[in-house]
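First comes the structure, then the notes that go with it.
The values are calculated or read from the model by the stated rules, or taken from the named source; none is laboratory data. Being a predicted model, the structure only gives us computed values, none of them experimental. Reconstructed Cβ throughout: ideal geometry from the backbone, glycine too, with neighbour counts over all protein chains shown. Only protein heavy atoms, including side chains, enter the accessible area calculation; ligands, DNA and RNA are left aside. Shrake-Rupley method; radii C 1.70, N 1.55, O 1.52, S 1.80 Å.
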Amino acid sequence: PRQPAKTLWYDRPRYVYLEFCVEDSQDARVVIEEQRVVFSCRNADGVEFYNEINLYDRVNSKDSQDKRSPRSITCFVRKWKEKVAWPRITKENIKPAWLSVDFDNWRDWEGDEEVEKAMVEQYAEV
């Protein structure tokens, strides 16, 4: 049986960040479309994870990327409309139990574009 992965998200001026928290993921697959993100993988125990998120607003799938680490898969999803805050990640005004705001990374981002740009470049180098 498959289950959703615990997912954290936070908002920045140019990107929305999604972190799918699965340790030792295998066969990880991330599909970023204009209105949706689909994630799937298995963990070391063979448990299948699957998340599908209908996004709050349009994104630029060609300028989005993902990065894998031993503990999670992080997605940098490029907003179509920059500098427009997203009040939530989902199109529907519902919050699935597996989805949470990443309060460690959440902050008011007025004038924060340079910090964000440096963050994306740092991840791209890894």
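Just flag the GluC sites (Glu not before Pro) in the range 11-82 sitting in loop per DSSP whose Cβ has no more than 16 other Cβ atoms within 10 Å.
Numbers: sites: Glu19, Glu23, Glu33, Glu34, Glu48, Glu52, Glu82; in loops: Glu23, Glu33, Glu34, Glu82.
Passing sites in the range 11-82 are Glu23, Glu33, Glu34, Glu82.
Counting other C-beta atoms within 10 Å, and keeping those with at most 15, which DSSP coil trypsin sites (Lys or Arg not before Pro) do you find in the range 1-68? Working shown, then result.
Numbers: sites: Arg2, Lys6, Arg14, Arg29, Arg36, Arg42, Arg58, Lys62, Lys67, Arg68; in loops: Arg14, Arg58.
Those that pass, being in a loop and sparsely packed, are Arg58.
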Residues with amide H under 5 Å of Val22's amide H, sequence separation 5 or more or different chain, H placed in the peptide plane at 1.01 Å from N; which?
Ser72, Ile73
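Whenever you get a sec, compute what percent of the accessible area on the chain sits on carbon and sulfur atoms (1.4 Å probe).
Working: 3290 of 7380 Å².
Of all accessible area on the chain, carbon and sulfur atoms account for 45 percent.
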Which angle from 0 to 90°, rounded to the nearest 10, does the C-alpha axis of helix 113-125 make with the longest principal axis of the chain?
40 degrees
Keeping every protein chain present and rolling a 1.4 Å probe, give me the accessible area per residue for the chain in Å².
59 Å²
Okay, helix-only estimate at 222 nm for the chain: each DSSP H run of n ≥ 4 adds -39500 (n - 2.57), divide by all residues, round to 500 deg cm²/dmol; what do you get?
-3500 deg cm²/dmol
Of all DSSP beta bridges located in the chain, what percent are antiparallel, nearest 5?
85 percent
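Pairs of Cα atoms under 8 Å, at least six residues apart: use those to get the relative contact order of the range 1-114, whole percent. Intermediate values should be presented prior to the final figure.
Values: 245 pairs, mean separation 37.2, N = 114.
Result for the range 1-114 is 33 percent.
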